[in-house]
1. Against the condition among the hydrophobic types (A, V, I, L, M, F, W, C) and modelled with pLDDT under 95, how does A123 come out, does it pass?
2. Taking the stretch 61-74, which residues are touching a helix residue (DSSP H, G or I) at 6+ places or on another chain (Cβ under 8 Å) and either more than 23 Å from R6 (Cα to Cα) or crowded, with 20+ Cβ neighbours inside 10 Å (or both)?
3. Can you tell me which residue among A112, A88 is among the small types (G, A, S), under 17 Å from L163 (Cβ atoms), assigned to a helix (DSSP H, G or I) and at pLDDT 95 or above?
4. Could you give me the residue pairs with C-beta distances under 6 Å whose first residue belongs to the stretch 76-95 and is within 18 Å of A169 (Cβ to Cβ), whose second residue is among the small types (G, A, S) and buried (at least 23 other Cβ atoms within 10 Å of the Cβ) wherever it lies, and which are 6+ apart or on separate chains?
5. Go through (1) small (G, A, S); (2) closer than 19 Å to L51 by Cβ; (3) surrounded by fewer than 17 Cβ atoms within 10 Å (Cβ to Cβ) and name the single condition G102 misses.
6. Out of E137, E132, E145, which single residue is surrounded by fewer than 21 Cβ atoms within 10 Å (Cβ to Cβ) and in contact with a strand residue (DSSP E or B) (Cβ under 8 Å, 6 or more places away or on another chain)?
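The values are calculated or read from the model by the stated rules, or taken from the named source; none is laboratory data. This structure is a prediction, so every number in the text was calculated from the model and none was measured. When we count neighbours, we look across all protein chains shown, and the Cβ atoms used for this are built from the backbone with ideal geometry, even at glycine.
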Amino acid sequence: MEYHLRAPVTPEDIRKMKVGDKVILDGTLFGIRDATQIRIFDQGVEPPVDLNGHFCIHTAPGVRKIGEHKYEKVCIGTTTSTRMDRFAPGLIEKYGVRGIIGKAGLLEGSVAAMKKFGACYLAIVGGAAALETTQIEEIEEVYWEDLMPECLWKFRVKDFGPLIVAIDAHGNNLYADVKKKVKEHLPKIYQKLGV
């Protein structure tokens, strides 16, 4: 299935989707990174914007300052999500984030939170920063500029994707499935190699 979504979305919207489905986003997308989430969760600072029903992308974009609190995009890519895994359950439960976009997936605690609260993980192709950048129409707001480039970014996107549902709100996990298949095939591969 293919879904064309505009945030804010509900848990019910997310629960319709299954692993392998394709997603295209329009409207608001929030950019977050390690420092943003450390401020929120480790330092106890509430986000300056309502994230409920929205999607967050793991990014620290390359930008050019064009005025006070105003930036234009240069290159906006995506980074590996796994190292930020400890923040995902809080984003989902406390702040109502409905989807996290990144590379490499998230771990079991995050999968459990997605299942419980109705959220998903959307995988983006690594190395697709040039395409992503064209799909971001404007940087609308930048919060916590002192964390540059790991600020909290508010992007306006159009036809952002394609993204693949890699972890759905039912606990299905594409990354776990691939690891399982690899593990099943390893003995045959070792045997062929004479190991």
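1. On the way: among the hydrophobic types (A, V, I, L, M, F, W, C): yes; modelled with pLDDT under 95: no.
No: the conditions fail for A123.
2. Filtering the stretch 61-74 down to residues touching a helix residue (DSSP H, G or I) at 6+ places or on another chain (Cβ under 8 Å) leaves 69, 73-74.
H69, V74 - these are the residues of the stretch 61-74 that are touching a helix residue (DSSP H, G or I) at 6+ places or on another chain (Cβ under 8 Å) and either more than 23 Å from R6 (Cα to Cα) or crowded, with 20+ Cβ neighbours inside 10 Å (or both).
3. Numbers: A112 fails: under 17 Å from L163 (Cβ atoms).
When all the criteria are applied, what remains is A88.
4. From residues that are within 18 Å of A169 (Cβ to Cβ), the pairs are S81/G102; D85/S110; A88/S110; P89/S110; I92/A119.
5. With respect to (1) small (G, A, S); (2) closer than 19 Å to L51 by Cβ; (3) surrounded by fewer than 17 Cβ atoms within 10 Å (Cβ to Cβ), G102 is out only on (3).
6. E137
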